[in-house]
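The structure appears below as structure tokens.
Any read-out appearing in this document is the output of simple, stated calculations on the displayed coordinates, not a laboratory observation. Just so it is clear, the structure is predicted and the values come from calculations on it, not from any experiment. All Cβ positions, even for glycine, are placed from backbone atoms using ideal geometry, and neighbour counts span all protein chains on display.
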């Protein structure tokens, strides 16, 4: 395996696997990891037509233990402006992950601390080992989970976010599923692989453009008042889909009792 801190493998069929590859550091973040992830997400965004699903996992014993200790030591000497630039790199990386057009899946085992838990929250789907160790640990260091907060709050809601952000209490995969940070828990790596295969099958049965638009739809309607403007927006959204090439192909395939061209 390459010694690069972030690996990308894309199958001919269009399955992308991103691996955090610092197992000796429990895949902790530093500036290089953040930059590599950001570049990888941009590469996948540009490959929308050829990549149907994106899996994010960690090598070794952990998904990601959060911030690298050496990186944190260096940041102690930064000015506020330096720290803002550093934080913006992390914030932009997470935003690129959240905005990927493909279905994104975090496969979490071992530790997922701080920014590692943020990666989980920024993905569309979380599959977590029941015995995983998850924590928003920033308050223990006199910090706050600011850059990951938009994705975590959307995933688990303000009530649990306030409690877990303010206490820094750790929890396992079962609890992560309970509060909505993960949708699925598994007990073994074999079960993880089975869930990975299941989600890939679902992704390949869905039209790529419709997946992108469905993800955007959630962002468009979340938290909005159900008024005439929102009704018009959603009506136009489905009208565009019905008139689209994918919409026409999907309807034709249904009526002709065949698979649509994206599922062949």
Where does the chain land at 222 nm, in deg cm²/dmol rounded to the nearest 500, when only DSSP H runs of n ≥ 4 count, each adding -39500 (n - 2.57), divided by all residues? -16500 deg cm²/dmol
Highest GNM mean-square fluctuation, the chain, Cα pairs closer than 10 Å: which of 57, 242, 135? 242
Based on the alpha-carbon gyration tensor of the range 155-233 and its eigenvalue square roots a ≥ b ≥ c, which shape applies: rounded if a/c is under 1.5, prolate if not and a/b is larger than b/c, or oblate? oblate
Applying a 10 Å radius around every beta-carbon, put 14-24, 100-110, 79-89 in order of their mean neighbour count, most first. 100-110, 14-24, 79-89
If you fit an axis through the alpha-carbon atoms of helix 31-46 and take the longest principal axis of the Cα set of the chain, what angle between them do you get, 0 to 90°, nearest 10? 0
With r defined as the distance between the Cβ atoms of residue 32 and residue 224 and R0 fixed at 30 Å, what FRET efficiency is calculated, to the nearest 0.05? 0.20
Helix 189-205 versus the longest principal axis of the chain: what is the Cα-based angle in degrees, 0 to 90, to the nearest 10? 40
Out of 128, 186, 232, any idea which swings most in a Gaussian network model of the chain, alpha carbons joined below 10 Å? 232
Distance between Cα centroids, the range 228-264 to the range 1-52: provide it in whole Å. 32
Let's test the formula: R0 of 25 Å, r as the Cβ-Cβ distance of residue 188 and residue 13. What FRET efficiency results, to the nearest 0.05? 0.50
Rounded, prolate or oblate for the range 14-73? Axes are the square roots of the Cα gyration tensor eigenvalues, ordered a ≥ b ≥ c, and the cut-off for rounded is a/c under 1.5. oblate
Along principal axes, Cα extents of the range 221-264, largest first, whole Å: 39, 17, 14
